[in-house]
Structure formats: structure tokens, C-alpha cells
Amino acid sequence: MIARAKAAWGRHLFARHNVRRLHIVGCSRSGTTMMHMAMTAFRGLHFHYEETSLDHPLLRDRLEALDAFRRAGLSRGDEAKFYATKRNHGWFERQQLDRLIALTRSEGLGIILMVRDPRDVMLSSHSGRGGLPDYVSPGHWRRSIEGGEYLQDALAGDPALLLLRYEDLAGAPDMVAQRLHDQFGLTVKPGSAGLGAMAANVASAPKEFDEYLLEAVGEIRDLDPASVGKWRRLSEDPAAPLMADAEIAPIFRRFCDRHDYAVHIEN
């Protein structure tokens with residue numbers, strides 16, 4: 001009862017002060033952490049510094065955010081403010097997805113769904129896990145992709161959902177910033193070099209990200225198009241395990257067709 005009352009009061013506080021939560025989801029190694037960190041470029045945005053479940057933000061987190069907005073001179077209720085969170089590992093479970101959809105409809109939560117070329121996902125390593133190239137297993141990729149499709153189908157046409165490609169974030173950050181502005185009203189901070197200047201934006205943020213997220217990216221650096229298409233340097237196709245699985249192969253083909261990635265490549 002007490003926890004419910006605190007949660008209700010927290011939601012009331014955000015609504016009263018015109019704070020909208022934006023939640024980032026997507027398959028591991030699809031750029032969710034990069035997106036989370038890059039959003040430090042925006043004005044009037046407070047971020048939760050670690051991966052989080054849908055139980056967040058707790059009342060203390062909301063109060064901390066409101067205090068940060070006040071100290072930044074953003075205490076007026078009529079001025080749009082944002083609270084950015086990033087999905088935890090099991091975000092694609094059906095129960096979690098249904099809760100996310102319900103929150104979107106009842107509280108106006110905004111969702112940023114990140115997608116990335118499956119070949120780069122399968123090739124990408126997690127710096128905090130010893131740099132293993134097989135950090136994303138075929139099964140994990142499948143569950144994540146099906147979770148993203150479930151969200152897209154449930155929220156089709158809803159402006160609360162924004163699909164972003166990692167390739168655009170890395171190669172055309174100004175375009176992505178404009179899309180975030182058009183969809184959610186985000187604006188780049190005065191004096192910032194833009195969404196692509198991630199190193200300077202993160203360094204100037206009033207709070208540090210969780211060590212796990214810092215390990216995930218390996219090094220805080222500016223967004224770089226060179227991170228796109230690394231699989232082309234290899235002689236073998238990193239998507240071979242996806243195509244070799246009879247159940248995953250049609251999901252792989254559907255995903256590639258849907259997001260304009262190559263289904264087959266020439267050797």
C-alpha cells in the first residue's frame with residue numbers, strides 16, 4: 001500500500017512539473033547505451049544513470065530529478081522536461097512489454113526503439129565482458145527482435161514510439177536529433193556541439209553513468225560512422241548462425257526487409 005502511494009505521488013509530481021519519461025529499448029549491442037549517453041546533449045533532460053526496470057523511477061529518483069531541474073533553472077511547470085531511462089536485460093519478456101505498453105498509454109511515456117544491422121550486432125563485443133565477440137547469442141537476438149516487433153505492432157501509428165537505426169545515430173546524428181525534436185520536443189543544449197559530440201556531452205553531464213554502462217561502450221567517444229559495417233571486413237558472414245537456425249531464419253529475413261538491411265551478401 002505504501003509503495004503504491006509513493007508511486008502514485010511520484011507520477012503526480014512528474015505530471016505536475018511537466019516531466020515526460022523517455023525509455024530506450026532494443027537488442028543488446030544495438031546502440032541503446034550509445035543513445036542513452038548521447039542524450040546528454042539535450043536541454044531539460046535528466047537521465048537515470050544505469051539500466052532500469054519499469055519500477056523506476058522511484059519516488060526518490062523523481063525528487064532527485066526535480067531538484068536537478070530546479071538547480072538548472074527549469075522549475076516552471078509549463079516548460080517541457082524529460083527523464084531518460086534505458087531498458088534492463090529482460091525487457092523483451094511479454095509481461096514487461098505489456099507493462100511498457102500500458103505505461104505508454106496511461107502516463108504518456110515515450111519509447112525509443114533502437115535497431116541495428118544484425119551482422120554488426122552479432123559481431124559486436126561487450127568491453128566489460130572480456131570483449132567476447134559472441135556476447136549476443138542467436139536466441140537472445142531473436143527474443144529481442146520479437147519484443148521490438150511486438151511493441152511496433154501494439155503501438156503502430158502511436159507518436160509515443162520512435163524507431164531509430166544505429167546507423168543513423170552513428171552517421172547522421174543531426175538528423176536523429178531533429179527526429180527526437182519533432183517527435184518528443186527535445187532540443188540541444190546551448191553551447192553543445194550537437195548529439196554527435198558524445199564525449200564532451202557526457203563529460204559535462206552533472207552525473208556519471210553506471211560503471212557497467214561505461215564498460216559496455218569501452219571508451220566514451222564521439223559518435224562515429226566507422227562503427228557501421230565492420231562485418232564487411234570479414235571473410236565469413238556473422239549472420240550465418242541466424243540464417244542456419246530454421247526458426248530464426250524467417251525472423252532474420254523479416255527484420256532485414258523491415259529495416260532495409262541486406263538479407264544476403266556476396267562473398
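The values are calculated or read from the model by the stated rules, or taken from the named source; none is laboratory data. This is a predicted model, so every value here is computed, not measured. Please note: Cβ atoms are built from the backbone with ideal geometry, for glycine as well, and neighbour counts cover all protein chains shown.
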Task: Where residue 219 falls short, out of the listed (1) modelled with pLDDT of 90 or more; (2) in a loop (DSSP other than H, G, I, E, B) - done: (1)
- [ ] Could you please let me know if residue 227 is farther than 20 Å from residue 119 by Cβ, surrounded by 14 or more Cβ atoms within 10 Å (Cβ to Cβ), modelled with pLDDT of 85 or more and of a type in the set (Gly, Ala, Ser)?
- [x] no
TODO: Please specify each residue of the stretch 151-172 satisfying the condition of being assigned to a helix (DSSP H, G or I) and either among the small types (Gly, Ala, Ser) or within 16 Å of residue 256 (Cα to Cα) (or both).
DONE: 152, 154, 166, 167, 168, 170, 171
Task: Failed item, numbered, when residue 186 is tested on (1) exposed (fewer than 15 other Cβ atoms within 10 Å of the Cβ); (2) in a loop (DSSP other than H, G, I, E, B); (3) modelled with pLDDT of 95 or more - done: (1)
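Being over 22 Å from residue 186 (Cα atoms), surrounded by fewer than 19 Cβ atoms within 10 Å (Cβ to Cβ) and among the acidic types (Asp, Glu) narrows it down to one of 93, 50, 79, 64, so name that one. Give the steps one after another, and end with the answer.
On the way: 50 fails: over 22 Å from residue 186 (Cα atoms); 79 fails: over 22 Å from residue 186 (Cα atoms); 64 fails: over 22 Å from residue 186 (Cα atoms).
One residue alone meets the criteria, 93.
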Open item on the list: Just to confirm my filter: which helices (runs of 4 or more DSSP H) fall fully inside the stretch 2-102 and include at least 2 residues that are among the hydroxyl-bearing types (Ser, Thr, Tyr) and touching a strand residue (DSSP E or B) at 6+ places or on another chain (Cβ under 9 Å)?
Closed with: 32-38
TODO: Could you give me the residue pairs with C-beta distances under 7 Å whose first residue belongs to the stretch 109-134 and is under 20 Å from residue 231 (Cβ atoms), whose second residue is modelled with pLDDT of 95 or more and among the small types (Gly, Ala, Ser) wherever it lies, and which are 6+ apart or on separate chains?
DONE: 114/26; 115/26; 115/148
- [ ] Would you please name the residue that is farthest from the chain's Cα centre (by Cα), looking only at residues in the stretch 70-101 that are of a type in the set (D, E, K, R) and within 18 Å of residue 41 (Cα to Cα)?
- [x] 71
TODO: Return yes when residue 210 is over 18 Å from residue 23 (Cβ atoms) and modelled with pLDDT under 90 and no when it is not.
DONE: no
Open item on the list: One residue is enough: does the stretch 230-239 have a residue meeting the conditions surrounded by 14 or more Cβ atoms within 10 Å (Cβ to Cβ) and farther than 17 Å from residue 141 by Cα?
Closed with: yes
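Can you tell me which residue among 99, 179, 105, 142 is crowded, with 19+ Cβ neighbours inside 10 Å and either at pLDDT 95 or above or out of contact with any Cys (no Cβ under 8 Å at 6 or more places or on another chain) (or both)? Spell out the reasoning first.
Working: 99 fails: crowded, with 19+ Cβ neighbours inside 10 Å; 179 fails: crowded, with 19+ Cβ neighbours inside 10 Å; 105 fails: crowded, with 19+ Cβ neighbours inside 10 Å.
Only one candidate qualifies: 142.
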Task: Top-ranked residue in the stretch 13-44 [being farther than 18 Å from residue 171 by Cα, touching a Leu at 6+ places or on another chain (Cβ under 7 Å) and among the hydrophobic types (A, V, I, L, M, F, W, C); ranked as surrounded by the most Cβ atoms within 10 Å (Cβ to Cβ)] - done: 25
